[in-house]
Amino acid sequence: MKNIFHKTSLSLVVILLISILGSAIIYAQDYQTYYKNGYEYFIQEKYDMSEQHYKKAIELNPDFENAHYWLGKVYKQTGAYDQAIKQWKEVLRINPGNQYAFRNLIASFMSTSRVQSDKANDYLDEGIKIIGSPEEYLFKGSAPSVDSLLGAIPYFRRAASIEPNLLEAFYWMSETYRVLGEKSTRQFNSLAIKSYIKVIDLEEVANPISFDHPSAYWRSYMQLIKVYRFLGLKDKEEKLWLQLEKAKSLPYKQVLERKGYFGFGYPSRIEVNFKDGDKIENWSYPEKDVVFTVINGEVEGEKEKEPEQSEIEIKIEEIILEEKIQP
(Lines give C-alpha, C1' and ligand atoms only; values in the text may rest on other atoms or scores of the structure.)
Protein backbone atom coordinates (compact mmCIF):
# COMPACT_ATOMS: atom_id res chain seq x y z
CA MET A 1 0.00 0.00 0.00
CA LYS A 2 2.88 2.32 0.89
CA ASN A 3 4.61 1.60 -2.41
CA ILE A 4 1.46 2.51 -4.31
CA PHE A 5 1.23 5.81 -2.36
CA HIS A 6 4.84 6.72 -3.07
CA LYS A 7 4.47 5.88 -6.75
CA THR A 8 1.32 7.99 -6.99
CA SER A 9 3.01 10.93 -5.22
CA LEU A 10 6.05 10.68 -7.47
CA SER A 11 3.84 10.63 -10.55
CA LEU A 12 2.02 13.78 -9.37
CA VAL A 13 5.32 15.58 -8.77
CA VAL A 14 6.57 14.64 -12.23
CA ILE A 15 3.31 15.78 -13.81
CA LEU A 16 3.53 19.10 -11.90
CA LEU A 17 7.12 19.70 -13.03
CA ILE A 18 6.23 18.90 -16.62
CA SER A 19 3.31 21.29 -16.38
CA ILE A 20 5.50 24.09 -15.00
CA LEU A 21 8.22 23.56 -17.58
CA GLY A 22 5.64 23.29 -20.33
CA SER A 23 4.05 26.56 -19.25
CA ALA A 24 7.44 28.28 -19.27
CA ILE A 25 8.16 26.97 -22.76
CA ILE A 26 4.75 28.04 -24.00
CA TYR A 27 5.25 31.45 -22.36
CA ALA A 28 8.62 31.86 -24.04
CA GLN A 29 7.22 30.79 -27.37
CA ASP A 30 4.21 33.04 -27.00
CA TYR A 31 5.96 36.38 -26.47
CA GLN A 32 8.59 35.55 -29.07
CA THR A 33 5.86 34.51 -31.50
CA TYR A 34 3.95 37.74 -30.93
CA TYR A 35 7.18 39.67 -31.48
CA LYS A 36 7.98 37.85 -34.74
CA ASN A 37 4.44 38.32 -36.02
CA GLY A 38 4.63 42.00 -35.08
CA TYR A 39 7.71 42.38 -37.24
CA GLU A 40 6.06 40.55 -40.16
CA TYR A 41 3.12 42.94 -40.01
CA PHE A 42 5.52 45.92 -39.70
CA ILE A 43 7.39 45.15 -42.92
CA GLN A 44 4.01 44.69 -44.63
CA GLU A 45 3.09 48.18 -43.32
CA LYS A 46 0.12 46.72 -41.42
CA TYR A 47 0.85 48.93 -38.44
CA ASP A 48 -2.37 48.32 -36.49
CA MET A 49 -1.75 44.58 -36.44
CA SER A 50 1.95 45.11 -35.74
CA GLU A 51 1.10 47.34 -32.75
CA GLN A 52 -1.26 44.74 -31.30
CA HIS A 53 1.31 41.96 -31.49
CA TYR A 54 4.17 44.03 -30.06
CA LYS A 55 1.95 45.16 -27.18
CA LYS A 56 0.98 41.54 -26.49
CA ALA A 57 4.64 40.53 -26.44
CA ILE A 58 5.35 43.33 -23.93
CA GLU A 59 2.36 42.29 -21.84
CA LEU A 60 3.87 38.81 -21.53
CA ASN A 61 7.41 40.13 -21.03
CA PRO A 62 7.44 43.78 -19.83
CA ASP A 63 11.25 44.04 -20.17
CA PHE A 64 11.36 42.75 -23.74
CA GLU A 65 13.76 45.34 -25.17
CA ASN A 66 13.26 44.62 -28.88
CA ALA A 67 9.46 44.67 -28.62
CA HIS A 68 9.56 48.14 -27.01
CA TYR A 69 11.96 49.37 -29.69
CA TRP A 70 9.86 48.16 -32.62
CA LEU A 71 6.65 49.37 -31.04
CA GLY A 72 8.35 52.77 -30.96
CA LYS A 73 9.08 52.39 -34.67
CA VAL A 74 5.38 51.60 -35.29
CA TYR A 75 4.35 54.77 -33.48
CA LYS A 76 6.92 56.80 -35.40
CA GLN A 77 5.56 55.51 -38.71
CA THR A 78 2.00 56.38 -37.69
CA GLY A 79 2.92 59.85 -36.41
CA ALA A 80 2.29 59.03 -32.72
CA TYR A 81 5.58 60.62 -31.65
CA ASP A 82 4.77 60.99 -27.95
CA GLN A 83 4.07 57.26 -27.72
CA ALA A 84 7.22 56.49 -29.72
CA ILE A 85 9.28 58.55 -27.28
CA LYS A 86 7.76 56.65 -24.37
CA GLN A 87 8.82 53.32 -25.90
CA TRP A 88 12.38 54.46 -26.63
CA LYS A 89 12.75 55.67 -23.07
CA GLU A 90 11.58 52.23 -21.94
CA VAL A 91 14.27 50.66 -24.12
CA LEU A 92 16.92 52.86 -22.49
CA ARG A 93 15.57 51.98 -19.05
CA ILE A 94 16.04 48.29 -19.87
CA ASN A 95 19.32 48.78 -21.74
CA PRO A 96 20.92 52.25 -21.34
CA GLY A 97 23.47 51.32 -24.01
CA ASN A 98 21.00 50.80 -26.86
CA GLN A 99 22.32 53.20 -29.52
CA TYR A 100 19.35 52.86 -31.87
CA ALA A 101 16.83 53.92 -29.23
CA PHE A 102 19.19 56.70 -28.17
CA ARG A 103 19.42 58.12 -31.70
CA ASN A 104 15.68 57.85 -32.25
CA LEU A 105 15.00 59.57 -28.93
CA ILE A 106 17.23 62.53 -29.82
CA ALA A 107 15.79 62.72 -33.34
CA SER A 108 12.30 63.00 -31.83
CA PHE A 109 13.19 66.40 -30.38
CA MET A 110 14.11 68.60 -33.34
CA SER A 111 11.44 71.29 -33.29
CA THR A 112 12.20 74.98 -32.69
CA SER A 113 8.68 76.08 -33.60
CA ARG A 114 8.29 78.21 -30.46
CA VAL A 115 10.66 80.83 -31.92
CA GLN A 116 10.57 82.54 -35.29
CA SER A 117 13.71 84.67 -35.41
CA ASP A 118 17.10 85.13 -37.03
CA LYS A 119 18.76 86.08 -33.72
CA ALA A 120 20.79 83.46 -31.87
CA ASN A 121 20.02 84.87 -28.43
CA ASP A 122 16.27 84.46 -29.00
CA TYR A 123 16.77 80.70 -29.38
CA LEU A 124 19.22 80.60 -26.47
CA ASP A 125 16.75 82.38 -24.19
CA GLU A 126 13.93 80.05 -25.23
CA GLY A 127 16.04 76.99 -24.49
CA ILE A 128 16.82 78.28 -21.01
CA LYS A 129 13.14 79.14 -20.54
CA ILE A 130 12.13 75.55 -21.40
CA ILE A 131 14.41 74.03 -18.80
CA GLY A 132 13.49 76.63 -16.20
CA SER A 133 16.04 78.40 -14.05
CA PRO A 134 19.33 76.55 -14.64
CA GLU A 135 21.07 77.71 -11.45
CA GLU A 136 18.26 76.18 -9.40
CA TYR A 137 18.81 72.63 -10.59
CA LEU A 138 22.00 72.22 -12.62
CA PHE A 139 24.01 73.09 -9.52
CA LYS A 140 21.58 71.81 -6.85
CA GLY A 141 20.44 68.54 -8.40
CA SER A 142 16.68 69.14 -8.89
CA ALA A 143 16.41 68.82 -12.69
CA PRO A 144 13.24 68.96 -14.82
CA SER A 145 11.91 66.05 -16.84
CA VAL A 146 13.86 64.27 -19.56
CA ASP A 147 11.35 65.56 -22.12
CA SER A 148 11.91 69.18 -21.05
CA LEU A 149 15.66 68.78 -21.23
CA LEU A 150 15.49 67.13 -24.65
CA GLY A 151 13.05 69.79 -25.84
CA ALA A 152 15.55 72.54 -25.02
CA ILE A 153 18.44 71.04 -26.98
CA PRO A 154 17.20 72.04 -30.48
CA TYR A 155 17.00 75.69 -29.38
CA PHE A 156 20.58 75.67 -28.13
CA ARG A 157 21.69 73.96 -31.33
CA ARG A 158 19.82 76.49 -33.44
CA ALA A 159 21.42 79.37 -31.52
CA ALA A 160 24.86 77.86 -32.15
CA SER A 161 24.14 77.39 -35.85
CA ILE A 162 23.20 81.07 -36.22
CA GLU A 163 26.16 82.28 -34.17
CA PRO A 164 28.88 79.58 -34.20
CA ASN A 165 31.01 81.37 -31.60
CA LEU A 166 28.22 81.80 -29.04
CA LEU A 167 29.80 80.18 -25.99
CA GLU A 168 26.64 80.30 -23.91
CA ALA A 169 24.75 78.17 -26.44
CA PHE A 170 27.36 75.41 -26.33
CA TYR A 171 27.70 75.72 -22.56
CA TRP A 172 24.00 75.23 -21.83
CA MET A 173 23.87 72.45 -24.39
CA SER A 174 26.68 70.79 -22.43
CA GLU A 175 24.94 71.24 -19.10
CA THR A 176 21.68 69.84 -20.44
CA TYR A 177 23.40 66.80 -21.91
CA ARG A 178 25.25 66.26 -18.62
CA VAL A 179 22.03 66.19 -16.61
CA LEU A 180 20.44 63.90 -19.20
CA GLY A 181 23.41 61.59 -18.69
CA GLU A 182 22.48 61.37 -15.02
CA LYS A 183 18.71 61.05 -15.53
CA SER A 184 18.50 58.89 -18.66
CA THR A 185 21.54 57.17 -20.18
CA ARG A 186 25.28 57.73 -19.99
CA GLN A 187 25.31 57.98 -23.77
CA PHE A 188 24.49 61.67 -23.28
CA ASN A 189 27.82 62.16 -21.50
CA SER A 190 29.76 61.89 -24.75
CA LEU A 191 27.67 64.74 -26.18
CA ALA A 192 28.23 66.79 -23.02
CA ILE A 193 32.00 66.25 -23.25
CA LYS A 194 32.03 67.27 -26.91
CA SER A 195 30.16 70.51 -26.17
CA TYR A 196 32.28 71.44 -23.13
CA ILE A 197 35.42 70.97 -25.22
CA LYS A 198 33.85 73.16 -27.92
CA VAL A 199 33.40 76.00 -25.40
CA ILE A 200 36.99 75.72 -24.21
CA ASP A 201 38.45 75.53 -27.72
CA LEU A 202 36.39 78.46 -29.04
CA GLU A 203 37.50 80.74 -26.21
CA GLU A 204 41.16 79.70 -26.25
CA VAL A 205 41.39 80.24 -30.02
CA ALA A 206 39.64 83.62 -29.87
CA ASN A 207 41.35 84.85 -26.68
CA PRO A 208 44.46 82.74 -26.05
CA ILE A 209 45.92 85.26 -23.59
CA SER A 210 43.25 86.93 -21.50
CA PHE A 211 42.67 87.84 -17.87
CA ASP A 212 38.93 88.07 -18.44
CA HIS A 213 37.59 84.81 -19.88
CA PRO A 214 33.77 84.52 -19.61
CA SER A 215 32.25 82.38 -16.86
CA ALA A 216 31.01 79.79 -19.40
CA TYR A 217 34.66 79.06 -20.21
CA TRP A 218 35.77 78.47 -16.62
CA ARG A 219 32.59 76.54 -15.81
CA SER A 220 33.14 74.27 -18.80
CA TYR A 221 36.55 73.31 -17.44
CA MET A 222 35.17 72.50 -13.99
CA GLN A 223 32.10 70.64 -15.22
CA LEU A 224 34.14 68.63 -17.72
CA ILE A 225 36.47 67.60 -14.91
CA LYS A 226 33.40 66.41 -12.95
CA VAL A 227 32.14 64.39 -15.92
CA TYR A 228 35.52 62.71 -16.37
CA ARG A 229 35.56 61.88 -12.65
CA PHE A 230 31.98 60.53 -12.82
CA LEU A 231 32.97 58.27 -15.72
CA GLY A 232 36.17 57.15 -14.00
CA LEU A 233 38.39 58.67 -16.68
CA LYS A 234 41.25 59.54 -14.32
CA ASP A 235 43.90 60.13 -17.00
CA LYS A 236 41.70 62.59 -18.86
CA GLU A 237 40.77 64.32 -15.61
CA GLU A 238 44.43 64.80 -14.66
CA LYS A 239 45.34 65.99 -18.15
CA LEU A 240 42.52 68.55 -18.05
CA TRP A 241 43.68 69.87 -14.67
CA LEU A 242 47.13 70.49 -16.18
CA GLN A 243 45.55 72.21 -19.19
CA LEU A 244 43.50 74.42 -16.86
CA GLU A 245 46.56 75.40 -14.82
CA LYS A 246 48.39 76.32 -18.02
CA ALA A 247 45.43 78.38 -19.28
CA LYS A 248 45.22 80.24 -15.96
CA SER A 249 48.97 80.88 -15.85
CA LEU A 250 49.58 81.99 -19.44
CA PRO A 251 48.51 85.67 -19.28
CA TYR A 252 50.44 86.26 -16.02
CA LYS A 253 53.47 84.45 -17.37
CA GLN A 254 53.59 86.53 -20.55
CA VAL A 255 53.02 89.89 -18.84
CA LEU A 256 55.85 89.20 -16.38
CA GLU A 257 58.20 87.91 -19.07
CA ARG A 258 57.79 91.17 -21.00
CA LYS A 259 59.35 92.89 -17.99
CA GLY A 260 62.13 90.33 -17.64
CA TYR A 261 60.63 88.18 -14.90
CA PHE A 262 60.76 84.50 -15.85
CA GLY A 263 59.50 81.33 -14.22
CA PHE A 264 56.25 82.74 -12.87
CA GLY A 265 52.74 81.40 -13.43
CA TYR A 266 49.39 81.98 -11.76
CA PRO A 267 49.77 83.97 -8.52
CA SER A 268 48.98 82.35 -5.19
CA ARG A 269 47.13 85.50 -4.22
CA ILE A 270 45.81 88.53 -6.09
CA GLU A 271 44.87 91.77 -4.35
CA VAL A 272 42.90 94.33 -6.36
CA ASN A 273 42.34 98.01 -5.57
CA PHE A 274 41.19 101.03 -7.56
CA LYS A 275 42.66 104.49 -7.20
CA ASP A 276 42.06 107.56 -9.39
CA GLY A 277 40.62 105.37 -12.14
CA ASP A 278 43.56 102.96 -12.12
CA LYS A 279 43.30 99.26 -11.38
CA ILE A 280 46.12 98.37 -9.01
CA GLU A 281 46.93 94.71 -8.36
CA ASN A 282 49.42 92.90 -6.18
CA TRP A 283 50.39 89.45 -7.46
CA SER A 284 51.87 87.34 -4.66
CA TYR A 285 54.30 84.47 -5.18
CA PRO A 286 55.19 83.35 -1.62
CA GLU A 287 57.14 80.33 -2.88
CA LYS A 288 59.58 82.83 -4.44
CA ASP A 289 59.10 85.45 -1.75
CA VAL A 290 58.05 88.17 -4.19
CA VAL A 291 55.03 90.41 -4.81
CA PHE A 292 54.58 92.31 -8.07
CA THR A 293 52.71 95.59 -8.38
CA VAL A 294 50.62 95.73 -11.56
CA ILE A 295 48.81 98.86 -12.72
CA ASN A 296 46.21 98.55 -15.49
CA GLY A 297 47.70 95.24 -16.61
CA GLU A 298 51.31 96.44 -16.76
CA VAL A 299 53.94 95.25 -14.29
CA GLU A 300 55.50 98.21 -12.46
CA GLY A 301 58.00 96.12 -10.56
CA GLU A 302 58.49 94.25 -7.33
CA LYS A 303 56.64 95.59 -4.34
CA GLU A 304 58.85 96.63 -1.46
CA LYS A 305 58.52 94.24 1.43
CA GLU A 306 57.06 95.56 4.63
CA PRO A 307 59.45 94.79 7.51
CA GLU A 308 58.34 92.12 9.92
CA GLN A 309 57.66 93.04 13.56
CA SER A 310 60.94 91.50 14.76
CA GLU A 311 62.90 93.60 12.25
CA ILE A 312 61.16 96.77 13.47
CA GLU A 313 61.99 95.95 17.10
CA ILE A 314 65.67 95.33 16.23
CA LYS A 315 65.82 98.64 14.34
CA ILE A 316 64.33 100.53 17.28
CA GLU A 317 66.83 98.90 19.65
CA GLU A 318 69.70 99.96 17.36
CA ILE A 319 68.47 103.57 17.33
CA ILE A 320 68.13 103.63 21.13
CA LEU A 321 71.60 102.16 21.51
CA GLU A 322 73.09 104.75 19.14
CA GLU A 323 71.44 107.54 21.13
CA LYS A 324 72.92 106.20 24.38
CA ILE A 325 76.42 105.97 22.88
CA GLN A 326 76.40 109.56 21.61
CA PRO A 327 78.22 111.98 24.03
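The values are calculated or read from the model by the stated rules, or taken from the named source; none is laboratory data. What you are looking at is a predicted structure, and each value in this text was computed from that prediction instead of being measured. Here the Cβ positions follow ideal geometry from the backbone for every residue, glycine too, while neighbour counts run over all protein chains shown. For the accessible areas, the whole protein counts, side chains as well, though only heavy atoms, and no ligand, DNA or RNA atoms are used. Shrake-Rupley method; radii C 1.70, N 1.55, O 1.52, S 1.80 Å.
Assuming charge only on the beta carbon of Lys and Arg (+1) and of Asp and Glu (-1), the dipole of region 53-184 about its Cα centre is about 500 debye to the nearest 20.
Under the simplified labelling scheme, the Glu40-Ser117 pair shows an inter-label distance of 5.5 nm, with each label point 7 Å from Cα along Cα→Cβ. Averaged over residues, the count of other Cβ atoms within 10 Å places the peptides 191-202, 263-274 in the sequence 191-202, 263-274, highest first. Placing +1 on each Lys and Arg Cβ and -1 on each Asp and Glu Cβ, with no other charges, gives region 53-130 a dipole about its Cα centre of roughly 200 debye. With K and R counted +1 and D and E -1, the other residues having a Cβ less than 10 Å from that of Ala169 yield a net charge of +1. The accessible surface of region 39-88, taken with every protein chain in place and a 1.4 Å probe, is 43 percent carbon and sulfur. Among residues other than Tyr196 with Cβ under 12 Å from its Cβ, the summed charge is +3 (Lys and Arg +1, Asp and Glu -1).
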